[in-house]
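The values are calculated or read from the model by the stated rules, or taken from the named source; none is laboratory data. This structure is a prediction, so every number in the text was calculated from the model and none was measured. Neighbour counts are summed over all protein chains in view; Cβ atoms, including those assigned to glycine, are modelled from backbone coordinates with ideal geometry.
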Amino acid sequence: MKKVLVLGAGQLARMMALAGAPLNIDVVAYDVTSGQVVHPLTLAPVLSGLDNAIRYADVITAEFEHVPHDVLDACEASGKLKPGAAAIKAGGDRRIEKALLDQAGVANARYQLINAETDLVAASQHIGLPLVLKSSLGGYDGKGQWRLKTADQIPAVWQDIAAFLADAPAQSIVAEAFVPFQREVSLIGARNQAGDTAIYPLTENVHTDGVLSRSLALETQGDLQQQAEGMFNAVAETLGYVGVLAIEFFDVNGTLLVNEIAPRVHNSGHWTQQGADTCQFENHLRAVCDLPLGNTKAIRSTVMINILGEDTVPTDVLALPGCHIHWYGKEKRAGRKMGHINVTAASHNELVQTLDTLAQHLPSDSFPVVRLS
């Protein structure tokens, strides 16, 4: 039996544990907030302390990128951390991430680091307006971000940012050129220690108020898929990456620009649980445990719908063909990711019809983008 320690005890660790059980992989999770080592499903304590968990594990991995650096460094020192600390830190700090993308030679939005109002003025002149301003640490799901549309907004925007930085001295701001994209897509792929890869089809993502609402596995993307895979390979090789890596892109008239990377299994890859021969969670475990990578081909038309801020959905949903609900066992909170629904069908047209029916069962204020038509 392989023993895997996951840094983080949320829903991604939970789904890794579910995927690992049939492979005789035992998954435990380190809750970075409480310092407890817990079972990913029950959250009951199973081991005492991080040091014991490191000794227990054959492999250590992470379910999110915002892991305290002292924890990452202790795990890295064990020689068991996959992917390595450098990759996880890059996913958690936009300054490091941007440098990585430049090093890998992959296209991304023009940017400048902002630490003072004069930097913001310079960025507005050198990059041009509008600008998207993002906190270098954290700032996911639409948080820690600002828009600068005109030069006369600079004093007010900087005042807001300065107050933010005063409360977070380790932070800085990354100013990016606004990208007039047609859609957002992401690519999920796995890479093992030998450098072999298994890459899923591109996914088209729709966000509501900065939070992912829907991910659709795309079919027959051709050149776009090739672009994405080339960038995936460049980033993964630069990092010497092991595990599942997600890359989010802007699609600008058929040309991809990297938006950000996630060195882990990813929300936009949840469709793989029902839509692919081997899901992203199993392939992550296969990669880090040095097992053969599984087939990533889409085997049916599939879409994932996030359940945000709701702890129930009508039971009639389960009567719809191809509908599968995945709950995370969380306490209800407005806007919180509580679970997701994977919907599958034999064809895209059939998928559209099923989603039209599903939308009739779900409250439109909580599920605003169910339909594809």
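Of note:
- Filtered by the rule that a residue be of a type in the set (Asp, Glu) and closer than 20 Å to residue 41 by Cα, segment 307-348 gives 310, 311, 331.
- Screening segment 9-31 for residues that are over 15 Å from residue 46 (Cα atoms) and in a loop (DSSP other than H, G, I, E, B) and picking the one that is nearest to the chain's Cα centre (by Cα) gives 10.
- Residues that are under 21 Å from residue 209 (Cα atoms) and not in a strand (DSSP E or B) within segment 332-351 comprise 332, 333, 334, 335, 336, listed in sequence order.
- Where residue 296 falls short, out of the listed (1) crowded, with 18+ Cβ neighbours inside 10 Å; (2) on the phi > 0 side of the Ramachandran plot; (3) of a type outside the set (A, V, I, L, M, F, W, C): (2)
- Flag if residue 322 is over 18 Å from residue 216 (Cβ atoms) and in contact (Cβ under 8 Å) with a residue 12 or more places away in the chain: no
- If you go through segment 243-276 and keep only what is assigned to a strand (DSSP E or B) and not aliphatic (A, V, I, L, M), you end up with 243, 248, 249, 250, 251, 255, 259, 260.
- Restricting segment 189-204 to residues that are under 21 Å from residue 254 (Cβ atoms) and hydrophobic (A, V, I, L, M, F, W, C), the residue that is surrounded by the most Cβ atoms within 10 Å (Cβ to Cβ): 202
- Residue 179 being part of a loop (DSSP other than H, G, I, E, B) and within 22 Å of residue 369 (Cβ to Cβ): yes
- Considering segment 352-373, and only residues there that are hydrophobic (A, V, I, L, M, F, W, C) and part of a loop (DSSP other than H, G, I, E, B), the residue that is surrounded by the most Cβ atoms within 10 Å (Cβ to Cβ) turns out to be 367.
- The listed residue being within 15 Å of residue 241 (Cβ to Cβ) and either surrounded by 15 or more Cβ atoms within 10 Å (Cβ to Cβ) or not assigned by TED's automatic domain parsing to the domain that holds residue 115 (or both), out of 84, 49: 84
- You will find that of 264, 214, the residue that is farther than 24 Å from residue 195 by Cβ and under 15 Å from the mean Cα position of the chain (by Cα) is 214 and no other.
- Here residue 60 meets the list (1) modelled with pLDDT under 95; (2) part of a strand (DSSP E or B) almost entirely, failing just condition (1).
- Test for residue 74: is it modelled with pLDDT of 95 or more, closer than 19 Å to residue 177 by Cβ and hydrophobic (A, V, I, L, M, F, W, C): no
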